[in-house]
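The values are calculated or read from the model by the stated rules, or taken from the named source; none is laboratory data. Just so it is clear, the structure is predicted and the values come from calculations on it, not from any experiment. When we count neighbours, we look across all protein chains shown, and the Cβ atoms used for this are built from the backbone with ideal geometry, even at glycine.
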Amino acid sequence: MGMVGGGAGSFIGPVHRMAAELDGDIELVAGAFSQDPARSRQAGETYHISPDRAYANYQEMMERESKRADAIDFVCIVTPNHVHLPIAVAALEHGFHVMSDKPATATLKEAETLEAVVRRTGLLYGLTFTYTGFPLVREARRMTRAGALGKIRKAVVQYSQGWLSSSLETTGQKQAVWRSDPGQAGQGGAIGDIGVHAFNLLEYVSGRQVAEICSDLSSVVAGRSLDDDCNVLLKLDNGAPGVLFVSQIAAGDRNDLQLHLYGEKGGLHWRQEDPHYLLVNWAGKPSETFHAGGDYVSAETRAEFRLPLGHAEGLIEAFANIYRDFAKSIHARFNDPSAQLSDLVPGIDAGVRSMTFVERAVTNSRKGWCAL
């Protein structure tokens, strides 16, 4: 793996590195970790890679790695959103597969441009919509798509945080600064940062697509140009209603992602802050609680746990499941050039869908229903 971004002060870069290397299938061997060559070299030392593979910029990394006999197999992108597109295109054009932190790009137009490059090159492109890697989320997906709940009648998804309840970006805090800057984050604030997670999770588990939305986005903290609170009504492609609530000014909330799906036969409930339990309330029958590591879940889900029942797994392991599936897809390519990306890994289709959602939500806020 070669990484772009992830230098000093990065939260998500080290998370990607730890997750990618967890199962021993992937090794970080190269990177352009900062726009400052000196800081990139320093990060390379922190990551314990060879000094000659800590590059001054991503263009140099692509050029030099593509000429090495032991070149990287794929590029991991962990930068602010505004440079996702040029980095991904450069990697693909140099023959490298790509794994990118979400969202795919800063705008829908950029996502469509990237989609064309992915299709033309035929290379693998994945997105770390992290929560799709939790085993019980995948169990919920398998249950729902197998029809266990019957027809989906209502969907509710929320993602609430409180870390931007004050104007943290004015203090110079790195993560707040770029997420509050349209030039780096793109047109969406909270909707683009965590709203895409909620949107993707709903479609990933339910097997349904959002067909229409009615959005109300607000910038609650004074002086903030991007949204920090979002309320969106949904209509699924089977006619079912839904609600998506996203906020980064929900004071006191930490990382409260929740999914609730209601079908003809019962309702399914999962919460990220307590990810070891999947609750299903059946109509006319006792409720069931599925525990992480339980031998009563599907064989596919059991294979996604690393620890036995009662031992907690979390965000790193969820990330690692996505990386493990991506690595398997790359290995498959070694033997079969037509091998496709695992359907458990969100790809460019999910990237375009999520950016379509962001653009429609932003441009149609408070204007009523619009087609998605």
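Structure values in brief
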quantity	calculated
All positions within region 209-241 that are of a type in the set (D, E, K, R) and either surrounded by fewer than 21 Cβ atoms within 10 Å (Cβ to Cβ) or without any contact (Cβ under 8 Å) to a residue 12 or more places away in the chain (or both)	E212, D216, R224, K235, D237
Count of region 331-366 residues which are closer than 30 Å to H276 by Cβ and either assigned to a helix (DSSP H, G or I) or at pLDDT below 95 (or both)	7
Condition check for F305: crowded, with 18+ Cβ neighbours inside 10 Å, in contact (Cβ under 8 Å) with a residue 40 or more places away in the chain, among the hydrophobic types (A, V, I, L, M, F, W, C) and out of contact with any Phe, Trp or Tyr (no Cβ under 8 Å at 6 or more places or on another chain)	yes
Residue in region 280-292 that is touching a helix residue (DSSP H, G or I) at 6+ places or on another chain (Cβ under 8 Å), modelled with pLDDT of 95 or more and within 22 Å of D193 (Cβ to Cβ) present	no
Residues being in a helix (DSSP H, G or I), basic (K, R) and over 21 Å from E304 (Cα atoms) - total across region 89-143	3
Which numbered condition Y296 misses (of (1) outside any loop (DSSP other than H, G, I, E, B); (2) without any contact (Cβ under 8 Å) to a residue 60 or more places away in the chain; (3) not hydrophobic (A, V, I, L, M, F, W, C))	(1)
Any hit, region 37-49, residues being at negative phi, in a helix (DSSP H, G or I), over 27 Å from the mean Cα position of the chain (by Cα) and charged (D, E, K, R)	yes
Members of region 19-36 that are at pLDDT 95 or above and surrounded by fewer than 15 Cβ atoms within 10 Å (Cβ to Cβ)	D23, G24, E27
Selection within region 242-259 - surrounded by fewer than 19 Cβ atoms within 10 Å (Cβ to Cβ) and either outside any strand (DSSP E or B) or not polar (S, T, N, Q) (or both)	V243, F245, A251, G252, D253, R254, N255, D256
Residues within region 2-30 that are on the phi > 0 side of the Ramachandran plot and in contact with a helix residue (DSSP H, G or I) (Cβ under 7 Å, 6 or more places away or on another chain), tallied	3
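Table: residues versus (1) within 18 Å of S180 (Cα to Cα); (2) of a type outside the set (S, T, N, Q); (3) at pLDDT below 95; (4) in the same structural domain as R366 (by TED's automatic domain parsing).
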| site | (1), (2), (3), (4) |
| --- | --- |
| V210 | no, yes, no, yes |
| S218 | yes, no, no, yes |
| D229 | yes, yes, no, yes |
| K235 | no, yes, no, yes |
| N238 | no, no, no, yes |
| G242 | no, yes, no, yes |
| V246 | yes, yes, no, yes |
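This table checks each residue for (1) under 18 Å from V232 (Cβ atoms); (2) touching a Leu at 6+ places or on another chain (Cβ under 6 Å).
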| position | (1), (2) |
| --- | --- |
| V118 | no, no |
| G122 | no, no |
| F129 | yes, no |
| P135 | no, no |
| A140 | no, yes |
| M143 | no, no |
| A148 | no, no |
| K154 | yes, no |
| W163 | no, no |
